[in-house]
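For reference, the structure is listed below as structure tokens.
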Amino acid sequence: MRTHAFRLTRGQDLREGIEAYLHAHAIEAAAVVACVGCVSRARVRDAGGERIREICAPMEIVSVTGTVSIHRTHLHIALSREDLGAVGGHLVCGCIVNTTAEVVLLELEDCVFLPRFDPQTGYHELHIAPKRQQEDP
């Protein structure tokens, strides 16, 4: 296992920023172990899986959790509003960092997270595959 820590800044898209980091470091399997900061706008999909809600207000990032790789991203976010009420859901693009987002990933070096269509759910779900070892020449 290997840890990665990075910071996103004002105006960056939270999901796109995480995905860019994954691609820049060729990460094939990781878990988000911490993410704190704040957003100026949030976009989340609700539990029904179809409706995306947008909230244009400053909110604290209470938590981001998920399984990520260069092949797929599955992230959930919890946010705290100014009145301390909480909202959350499936993180989609359009969640904009206000001042900062500090992200810590734990890379799993012995496996690969891939999408695989599941006819029961109708979604591309997580498929965990062993990482192929490079053969010595």
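Angle between the Cα long axis of helix 14-24 and the longest principal axis of the chain, 0 to 90 degrees, nearest 10?
Around 20 degrees separate the two axes.
Can you send over the solvent-accessible area of T65, 1.4 Å probe, protein chains only, in Å² to the nearest 10?
Taking all protein chains as shown, T65 has close to 70 Å².
Using the crude model of +1 on Lys and Arg Cβ and -1 on Asp and Glu Cβ, and no other charge, please compute the dipole size for segment 11-90 relative to its Cα centre, in debye to 20. It would help to have the intermediate numbers written out before the result.
Numbers: 8 positive and 10 negative charges, 27 e Å.
That gives segment 11-90 a dipole magnitude of about 140 debye.
In nanometres, what is the gap between the two model label sites at D110 and H76, each 7 Å from Cα along Cα-to-Cβ?
2.7
Check each of the trypsin sites (Lys or Arg not before Pro) in segment 1-49 and keep only those in coil by DSSP with at most 10 other C-beta atoms within 10 angstrom; list them in order.
Numbers: sites: R2, R7, R10, R15, R41, R43, R45; in loops: R10.
Filter output for segment 1-49: empty list.
I need to check one value: relative contact order of the chain, counting alpha carbon pairs closer than 8 Å and at least 6 residues apart, in percent.
Once normalised by length, the contact order is 33 percent.
Could you size up the charge dipole of segment 56-137 around its Cα centre, putting +1 on the beta carbon of Lys and Arg and -1 on that of Asp and Glu, and report it in debye to the nearest 20?
260
Diagonalise the Cα gyration tensor of segment 27-105 and give the resulting equivalent ellipsoid semi-axes, square root of 5 times each eigenvalue, largest first, whole Å.
Whole-Å semi-axes of the equivalent ellipsoid: 20, 15, 10.
Only Lys, Arg, Asp and Glu count, each charged at its Cβ (+1, +1, -1, -1), so figure out the dipole size of the chain about its Cα centre, rounded to 20 debye.
For this selection, approximately 300 debye.
Beta carbons within 10 angstrom, averaged per residue: use that to sort the peptides 99-109, 116-126, 51-61, highest first.
Values: 99-109: 16.7, 116-126: 11.0, 51-61: 14.5.
By packing density, highest mean first, the sequence is 99-109, 51-61, 116-126.
Can you show me the helix-derived [θ] at 222 nm for the chain, built from DSSP H runs with n ≥ 4 at -39,500 (n - 2.57) apiece and divided by the number of residues, rounded to the nearest 500.
Computed ellipticity for the chain at 222 nm equals -2500 deg cm²/dmol.
The values are calculated or read from the model by the stated rules, or taken from the named source; none is laboratory data. Computed from a predicted model, the values in this text were never measured in an experiment. All Cβ positions, glycine included, derive from the backbone under ideal geometry; neighbour counts span all protein chains shown. The area values use the complete protein model at the heavy-atom level, side chains included, leaving out ligands, DNA and RNA. Shrake-Rupley method; radii C 1.70, N 1.55, O 1.52, S 1.80 Å.
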